[in-house]
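Okay, structure first, notes after.
The values are calculated or read from the model by the stated rules, or taken from the named source; none is laboratory data. Just so we're clear, the structure is a prediction, and the values are computed from it rather than from any experiment. Counting neighbours? That spans all protein chains shown, and the Cβs are built from the backbone with ideal geometry, glycine included.
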Amino acid sequence: MAFSKRSVDPVVQARLREMAAEMRGLLYGEAGCPEWGTKFIEIETDGMSVGLELARLVMEQSVDEQSHQMPKAAMAVDDDEVTANKPKSRTLETEAGAVTWEEPCGYQKKGRKAFFPSDPSAGVRRR
């Protein structure tokens with residue numbers, strides 16, 4: 001899925017500059033840059049690999065933390081009682097790689113159905 005790039009807050013941008021300098025040291029050693037003659041495609045591959053892993057970790061940590069802060073009202077259903085179930089592991093494939101988190105789940109007592117179905121589908125289910 002293609003994504004839309006948004007501008008980054010100047011405070012975040014400044015911190016990313018600091019992190020980039022630190023990453024260059026980790027990637028290339030004390031010199032902080034690749035050996036003279038290294039092709040740009042190799043430098044680009046290193047940079048994109050680090051950037052995509054950072055993006056993947058930000059997404060994974062964000063959805064994991066969000067799932068732990070779910071409001072109680074999210075499990076409320078009119079005229080039914082929802083019992084919390086064991087969270088289910090979810091994995092979503094992104095352009096940066098697989099993102100995995102524990103998704104909160106519940107079960108409706110009267111409706112007798114999972115509150116967050118295990119097999120989400122798009123559109124109408126056909127029988």
Subject >> Evaluation of residue 2 against (1) of a type in the set (A, V, I, L, M, F, W, C); (2) surrounded by 12 or more Cβ atoms within 10 Å (Cβ to Cβ); (3) at pLDDT below 95 (one fails), failing number >> reply: (2)
Original post:
So which of 35, 102, 30, 93 is part of a strand (DSSP E or B), acidic (Asp, Glu) and exposed (fewer than 10 other Cβ atoms within 10 Å of the Cβ)?
Top reply: 93
Subject >> So residue 34, is it of a type outside the set (Ser, Thr, Tyr), more than 21 Å from the chain's Cα centre (by Cα) and farther than 25 Å from residue 95 by Cα >> reply: yes
Subject >> Qualifying positions in the range 63-101 - in contact with a Pro (Cβ under 6 Å, 6 or more places away or on another chain), touching a residue at least 24 places away in the same chain (Cβ under 8 Å) and not hydrophobic (A, V, I, L, M, F, W, C) >> reply: 67
